[in-house]
Structures are given as C-alpha cells and as structure tokens.
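Asker: Have a look at the structure that comes next, please.
The values are calculated or read from the model by the stated rules, or taken from the named source; none is laboratory data. These numbers were taken from a predicted model, which means no experiment stands behind them. Cβ atoms come from the backbone with ideal geometry, glycine included; neighbour counts cover every protein chain shown.
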Number of protein chains: 2
Amino acid sequence: MTAESSNPGGSLLLAWQLKNKHVLIIGGGEVASGRIESVLIANARITIICPSQGLHSITKRFINGSHPITYHDRVFDGAEDLDDVDMVLTAIDDVAQSRIIYSLCRDLKIPVNVADIPDSCDFYFGSQIRDGPLQIMISTNGQSPKLANIIKKKIQKSLPNRAGEAIRKVGDLRSKLKDRAPGVGGEVSKRRMKWMVDVCTSWEMDDLALLNEETIKRLLDDGWETNSVPPPDDVVGRRNRTFDAAPTSIHVFPCMVAFIAGAACAGVLLFSRHR
Amino acid sequence: MTAESSNPGGSLLLAWQLKNKHVLIIGGGEVASGRIESVLIANARITIICPSQGLHSITKRFINGSHPITYHDRVFDGAEDLDDVDMVLTAIDDVAQSRIIYSLCRDLKIPVNVADIPDSCDFYFGSQIRDGPLQIMISTNGQSPKLANIIKKKIQKSLPNRAGEAIRKVGDLRSKLKDRAPGVGGEVSKRRMKWMVDVCTSWEMDDLALLNEETIKRLLDDGWETNSVPPPDDVVGRRNRTFDAAPTSIHVFPCMVAFIAGAACAGVLLFSRHR
C-alpha cells in the first residue's frame, strides 16, 4: 500500500515496559552485563543465574551494588527457574542448553532473547542512545551491527543540545497543565494538546531545558491563560545564544576567517602592485 | 553503577520479531491503520476485528490489498478471539472494553498494547524512521510525543545518504563472506568480524551503497584474500564526491562567498583610498 508496507522484512520496534516486572538473566559474562544495565534502566527486578567463576567484573559490581538483583551461584536448573518470570535473557556459551531454555520459554509464553542465536529470539537488541527520558534505538535488522554503531555516533552528534533535559521539562509542563486544566477527551484535551505543540515548535530545546517550577508557572499564567506562547526571553530570560548555537557558530567562524583571508589577500595583491 | 543504571525510569527498547506470528488488531480507525502498517513491515499475519462503519480509508485499503490480513466485520467477542494470537493491539474508543481485553491478554500471557491507556500496555510505540533494513525508534517515555517528532526530523536530516542501501549491501557482503570462509566461533569468525569492521570504517556509506554482486566478488578477491581493504575507487569506481559530500559543501560554499566578499571589500577600500 505505502512505501513501507511494500518493503517488509523488518522488526516491530517497541518500548517494552518492565516496571515491577521480573527478568531472569542466565549467564553473567560481558554480554549479560550489558543486558543487566538495559534492564535496570527499565526498573525491573532481576534474577541472575550463573556460576560465580563466570561472572564479568561489571556483573559482579551490579550484584554487589544496591540494585533489585537476586543472584544464584549455579547453572540453570530447569522449568522451576522460570516460575513468576516475565522475560528471559540468556547469554551463555552452551548452545544446546540455550535451545532448551528457549523451548521452555516458548511453552510458558515468556518472551526470550538467546544471545547469538537469532532464530531463538522473540526480540533483538539494537544500538541504543539514552539522554534522560529520551531513548533512541538503531536497528539494522541484523545486517550490520558496525554500521548501526557508526549511525548511532552520527545521531549522537546531531541531537539538539540538552534534548533529554528539554523533554523532561516539557513532561513537567504538560503535567502541571493537566492539573490546571483537567479532563480527558473533548475540547479541553484538544486545546491542551494544541498549546503544548505550539510551545514545543516555537521554543528551542535549549530554552525548554531552562524551565523550572517558577518559570513553568509563569509560562502557564502568561501563555496558557491568554492562549498564546510568550517568547522564551520573557519567561526563562535571555540565553547566551551565540554560545549555545553551536551549529551556527560552526558556520560563522570559518566564514569570518575566509572573509579576513580574502581581504588580506586582496590587500597584499593590490599593495604589491601599487609599489 | 554507571550513569545509565543510576538514572532509571526508562523502557527496554526492542526489535520484536513477528515473522510468521499472528497479530490481532481490535479497531480499524486512524490509530489502528498506523498499527497495521508497522505490523505488516514485520511480516506478521494480521486479524482485524472492527465493524465496517468504523474503518478508516487507509485500513480499508490494507484490507482490500494483497496483504496477509483476515478481516471480521464485528466487535470483539471475548477470549475465543484470542486463540492462537501472539500479540494484541487495540485502538477502540470503549475504555471499559479495552480494559477487559487487556485483562484477558494478561491472563493468557499475550503481549498487548491498548492505545491511549498507558497502564494497560506491555509496550509502547515511538516515533519511527525506516530506510530499508535500517529502523530507528525515538521514545521520550511518554513525556513529549511532539519533541520525539522534532528529534525524529533532525535525525532524518542527519542520516548519511543512502544509509539503508549501504546496510543492505554490507549484509550481502557479510553473507557472501560467510559462504567463502564458513565456520562459527574461533579464528575464522574473529578474522571475518575484524575485516567487516575494517571495510565499514574505511569506506563511506555512499561507497558501500554502490556495491553489487560483481563488485562484492572483487572486494572479496582483492581485499579478504589479501587481508586488506582496497580503496572504494579501485572496487566500485570513482564517485562524484563533491556532489555527494553535502555536509562539506554546505561549509565550503559560504566560505568561498565570504573570501570573495572579503577580497572585494578590501579591493574597493584600497582602490577608493588610492584615488
């Protein structure tokens, strides 16, 4: 129908919710330590099963830290280890054992990822960027992890300054606005949504990131109540825009140098001819 | 432990695999039509349940197109509609009914997303970019869909030219290399991985995108066999790099103008003084 749907072979990218969920991680090596970090970000409870001699130093630090982690110093023991588990991530070298775990998970309908065995995975991981509430995943659908990484670095460079902070503050603003003008659906919902879009499109991320409790109140008083969006200078004060506006200064500086160089060259040329 | 793990409250971003899986979509409006498209990309079989008067024109086109879609012109009928279903996405206006569907899915351990009711979701969707095998998701963890959209547009602009095509060709190269030097684990695996990384880091995406069956063979013959990475000009031919290198030309052009302007100003100044 559309360009996308006639070009299948992709994944369904999702932001999986793990708050108060229980994740079993089988293995404790380097790959497992990366999984632990990803899962902790998502506020899950974790059980790690791995003989202590197989633990990577980062995994050890996670186990010894103040995280919601239960650790068992042994190998996987069968279906009873899957009781009350919402997700399973395995990262062990034993391919036969990995396949047994996958098959048990399938029977119990527990989502599972078996590291390095793509056909035993309900889902894959991708290259990820995180900046506070902002999370970005880059997947090449298994075609090239290296290019995913190169693209990740390019995206990191292109992200607006303080994007994560701006998103957090806009979240605060939205929640304060809902307190002030409550209601689900209908006109108030539409007006709220439109005003939030107006704020997000007319302020730069750097300005949004400067919001605080006091200036959020000012923005709602001066903006929402009069159905307008005041300029950021009137609410959060004047930023040193030349300092913040890196993408512009990158262009301006070489142009200034080129201008001076052009003037100097012409000067030298005319001066030498004149003599 | 690390910056990330001490900053929780996020999601676990995943690339969910739906090939040969069965997705039930309840509802047929605008939101549902977006879900259908996302799910078709991931090669799922789809069942849509929605009274025909509630179908959006895009949903109708999907149903009437040549997609693996079964359509039922009725409302959701209870647990029997969930037989043999691997994922459920609902997008209906009836909040009470949505909550019933969520609860049934939970009991049957079927992953479920209920549009607009965040606490009845195992997972959320985010702003997405797709370019062939490249898929990118931007999530603000519900804080600001509008900023997610603004960031998505910035990322789209920053993506290397023909990134998707480059990824596809690198996938082809990797699979041809595996045919030539097969084996899992051990030295050959490591050498393959290292050589692929060398190719991806020393060639630009535009060059990788030019690969085809013939030049992949040449790259393997001249590169892999001699444990080197030949320059792209020797394999895929010379590109018109000044044309492709947009980010550079953006900088160079204003600098040239500034240089000429500087020269002109100096010329005029000196000339007028001289007279």
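Asker: Which of the residues belonging to the stretch B:149-171 are in a loop (DSSP other than H, G, I, E, B) and either under 18 Å from B:VAL197 (Cβ atoms) or among the polar types (S, T, N, Q) (or both)?
Answerer: B:PRO160, B:ASN161
Asker: Restricting to the stretch B:86-131, count the residues that are away from chain A (no Cβ under 11 Å), touching a Leu at 6+ places or on another chain (Cβ under 9 Å) and in a loop (DSSP other than H, G, I, E, B).
Answerer: 1
Asker: Being more than 24 Å from the chain's Cα centre (by Cα) and not hydrophobic (A, V, I, L, M, F, W, C) is the requirement here; does A:ARG168 meet it?
Answerer: On the way: more than 24 Å from the chain's Cα centre (by Cα): no; not hydrophobic (A, V, I, L, M, F, W, C): yes.
No; evaluated as a whole, the condition is false for this residue.
Asker: Right, next: Of everything in the stretch A:37-56, what is of a type outside the set (Val, Ile, Thr) and more than 11 Å from chain B (Cβ to nearest Cβ)? Give them in sequence order.
Answerer: A:ARG45, A:CYS50, A:PRO51, A:SER52, A:GLN53, A:GLY54, A:LEU55, A:HIS56
Asker: Ok, one more. From the set of residues in the stretch A:111-152 that are under 20 Å from A:LEU24 (Cα atoms) and of a type in the set (A, V, I, L, M), which is modelled with the lowest pLDDT? Quick ask: steps written out before the conclusion?
Answerer: Within the stretch A:111-152, the subset under 20 Å from A:LEU24 (Cα atoms) is A:111-126.
Still in the list and also of a type in the set (A, V, I, L, M): A:112, A:114-115, A:117.
Working: A:VAL112: 97, A:VAL114: 94, A:ALA115: 89, A:ILE117: 85.
Among those residues, the one meeting the criterion is A:ILE117.
Asker: Could you list, in sequence order, the residues of the stretch B:179-233 that are among the acidic types (Asp, Glu) and surrounded by 13 or more Cβ atoms within 10 Å (Cβ to Cβ)?
Answerer: The initial filter retains those residues of the stretch B:179-233 that are among the acidic types (Asp, Glu), namely B:179, B:187, B:198, B:204, B:206-207, B:213-214, B:221-222, B:225, B:233.
Residues satisfying the conditions are B:ASP198, B:GLU204, B:ASP206, B:ASP207, B:ASP221, B:ASP222.
Asker: Output yes when any residue across the stretch B:5-23 is more than 8 Å from chain A (Cβ to nearest Cβ), of a type in the set (A, V, I, L, M), buried (at least 19 other Cβ atoms within 10 Å of the Cβ) and in contact (Cβ under 8 Å) with a residue 60 or more places away in the chain, and no when none is.
Answerer: yes
Asker: I'd like the full set of residues that are touching a helix residue (DSSP H, G or I) at 6+ places or on another chain (Cβ under 7 Å) and either in a loop (DSSP other than H, G, I, E, B) or of a type in the set (S, T, N, Q) (or both), limited to the stretch A:72-85.
Answerer: First, the residues of the stretch A:72-85 that are touching a helix residue (DSSP H, G or I) at 6+ places or on another chain (Cβ under 7 Å): A:73, A:76, A:79, A:82.
Within the stretch A:72-85, A:ASP73, A:PHE76 meet the criteria.
Asker: Looking for something within 26 Å of B:CYS265 (Cα to Cα) and at pLDDT below 85 - is there at least one such residue anywhere in the stretch A:236-248?
Answerer: Yes, because at least one residue in the stretch A:236-248 is within 26 Å of B:CYS265 (Cα to Cα) and at pLDDT below 85.
Asker: Does the stretch A:143-157 contain at least one residue that is in contact (Cβ under 8 Å) with a residue 60 or more places away in the chain and either at the interface with another protein chain (Cβ under 7 Å from one of its Cβ atoms) or within 12 Å of the chain's Cα centre (by Cα) (or both)? Outline the logic, then answer.
Answerer: Of the residues in the stretch A:143-157, the ones in contact (Cβ under 8 Å) with a residue 60 or more places away in the chain are none.
Taking every residue of the stretch A:143-157 in turn, none turns out to be in contact (Cβ under 8 Å) with a residue 60 or more places away in the chain and either at the interface with another protein chain (Cβ under 7 Å from one of its Cβ atoms) or within 12 Å of the chain's Cα centre (by Cα) (or both).
Asker: Something else: Name the single residue, out of those in the stretch B:115-156 being of a type in the set (D, E, K, R) and more than 22 Å from A:GLU165 (Cα to Cα), that is surrounded by the fewest Cβ atoms within 10 Å (Cβ to Cβ).
Answerer: B:ASP119
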